[in-house]
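The values are calculated or read from the model by the stated rules, or taken from the named source; none is laboratory data. Everything numeric here is computed off the predicted structure, so don't read it as measured data. Ideal geometry is used to build each Cβ from the backbone, glycine not excepted, and the neighbour counts take in all protein chains shown.
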Amino acid sequence: MRPNRHFFDLMATARAVAAIALGIMAWNQHAAAAPPVDRIRLPPGFRIEVLTDNVPGARGMTLSPQGTLYVGSRGEGKVYALARPLGANPKPRVVATGLTMPVGVAFRDGSLYVSSTSRIVRLDDIEARLQSSTDALPRAVTVNDTFPTETHHGWKFIAFGPDGYLYVPVGAPCNVCARDENRYANIMKMKPDGSDLQVVAKGVRNTVGFAWHPATHELWFTDNGRDWLGDDQPDDELNRLTQPGQHFGFPFCHAGDIADPEFGKQRPCSAFTAPVAKLGAHVAALGMRFYTGNQFPAEYRQNNIFIAEHGSWNRSERSGYRIVRVVVDDNGRIVRQEVFAEGWLRNGSPWGRPVDVQVAPDGSLLVSDDMADAIYRIRYAP
């Protein structure tokens, strides 16, 4: 007896269901695969490993004196803690949730400070809570809620400076626009209790990473250049604040020597502080740190800056997606500028995006990646 048409229909349906099931299994296997760090190229003797790939949207990082690594996120609205010591595959614990783009985290006097667009919040006694058996989240105490509410460049990297103040940047709420420079496109600082808020740098379009020179205590910071002036301009910047109140050009001048087509006629580039280094157009230079450890070779232990380049989003040929090394002399001038780690971009397509860098207690370099949900560790092991 010949099978009828319904039999063939059932067989076709079964094959389709099986194909879908196999596709789902393959996708799950791909999603569960560890980041392919074997593709990362480093200088001879350096190695990279995945510390964890279970931190969704990993962004800014900070370490407590006890060695706990805290990690912010952006769209996820969460803050994570990776318990000490930072061994292989530590289990992240969510310590805050429901925040608006909590990219920045900073630790001081037993409390974790977190940015949340228009406000800074504080999680008190956080280390003790991590040691407790309860999973209850600590209460977020608002420290200051006077920052702008715009989400365009509204996420904030934060850090405590040598003067004990918490430094908080406020990005431009646009690609290019002229707004109140005492409220937008600047870097501010305040006391830990939220008082004495003041502007320390102006004309900063959007910095998502800064650090202080270990010897001079001067503030250095990255700044993202404007969009839609072509593939190759303007460069992202590495800047140095030598005195409070310096103006770094936005929106009138970009990268130190490119007058803005709309606002450039109002004030010349010569009126502003030029960048110390140009980092490339649209590379999205974000987190940066001076290397202060002893694990790397001697040539890396003085005046070395590591910068995470998150990577371009609107360039015809992608750029960034790497870690760069900038070496300066004792006077703050560039001695060397080179790629330190690359390989997150493969055949024009990224599988990861470095966001922040942090020197670990053992001298290794930690790197966050919000695309691969990962924290990497780079160490010297020839």
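Can you find a residue that is surrounded by fewer than 21 Cβ atoms within 10 Å (Cβ to Cβ), touching a Phe, Trp or Tyr at 6+ places or on another chain (Cβ under 8 Å) and at negative phi anywhere in the stretch 279-286?
No: zero hits.
Conditions (1) surrounded by 13 or more Cβ atoms within 10 Å (Cβ to Cβ); (2) touching a strand residue (DSSP E or B) at 6+ places or on another chain (Cβ under 6 Å), marked per residue:
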| position | (1), (2) |
| --- | --- |
| Ala136 | no, no |
| Ala140 | yes, yes |
| Gly161 | yes, yes |
| Pro173 | yes, no |
| Cys177 | yes, no |
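Do any residues in the stretch 33-50 that are on the phi > 0 side of the Ramachandran plot and modelled with pLDDT of 95 or more have Cβ atoms under 7 Å from those of residues that are outside any strand (DSSP E or B) and not hydrophobic (A, V, I, L, M, F, W, C), where the two are at least six apart or on different chains, and which pairs are they?
Short answer, once both residue conditions are applied: Gly45/Pro382.
Just the residues that are buried (at least 16 other Cβ atoms within 10 Å of the Cβ), touching a residue at least 60 places away in the same chain (Cβ under 8 Å) and either of a type in the set (Phe, Trp, Tyr) or not in a loop (DSSP other than H, G, I, E, B) (or both), please, taken from the stretch 327-350.
Of everything in the stretch 327-350, those that are buried (at least 16 other Cβ atoms within 10 Å of the Cβ), touching a residue at least 60 places away in the same chain (Cβ under 8 Å) and either of a type in the set (Phe, Trp, Tyr) or not in a loop (DSSP other than H, G, I, E, B) (or both) turn out to be Gln337, Phe340, Ala341, Glu342, Trp344.
Among what's in the stretch 351-364 and is over 28 Å from Ser316 (Cα atoms) and crowded, with 17+ Cβ neighbours inside 10 Å, pick the residue that is nearest to the chain's Cα centre (by Cα).
If we take residues in the stretch 351-364 being over 28 Å from Ser316 (Cα atoms) and crowded, with 17+ Cβ neighbours inside 10 Å, then Gln358 is nearest to the chain's Cα centre (by Cα).
Give me the pairs: first residue in the stretch 283-302 and under 23 Å from Ala58 (Cα atoms) and touching a residue at least 24 places away in the same chain (Cβ under 8 Å), second residue of a type in the set (Phe, Trp, Tyr) and assigned to a loop (DSSP other than H, G, I, E, B), beta-carbon distance under 8 Å, and six or more apart or on different chains, which are they?
Pairs found: Ala284/Trp313; Leu286/Phe157; Gly287/Phe157.
Scanning for something farther than 26 Å from Gly77 by Cβ and at pLDDT 95 or above, does the stretch 202-210 turn up at least one residue?
Checking the stretch 202-210: at least one residue is farther than 26 Å from Gly77 by Cβ and at pLDDT 95 or above.
Among the residues in the stretch 361-368, are any touching a Leu at 6+ places or on another chain (Cβ under 8 Å), of a type in the set (Val, Ile, Thr) and in a strand (DSSP E or B)?
Let us first name the residues in the stretch 361-368 that are touching a Leu at 6+ places or on another chain (Cβ under 8 Å), namely 361, 366.
With the extra rule that they be of a type in the set (Val, Ile, Thr), the set shrinks to none.
No, the stretch 361-368 has no match at all.
Would you call Phe263 aromatic (Phe, Trp, Tyr), over 19 Å from Val357 (Cα atoms) and surrounded by fewer than 18 Cβ atoms within 10 Å (Cβ to Cβ)? Break it down into steps so the answer makes sense when it comes.
Working: aromatic (Phe, Trp, Tyr): yes; over 19 Å from Val357 (Cα atoms): yes; surrounded by fewer than 18 Cβ atoms within 10 Å (Cβ to Cβ): yes.
The answer is yes for Phe263.
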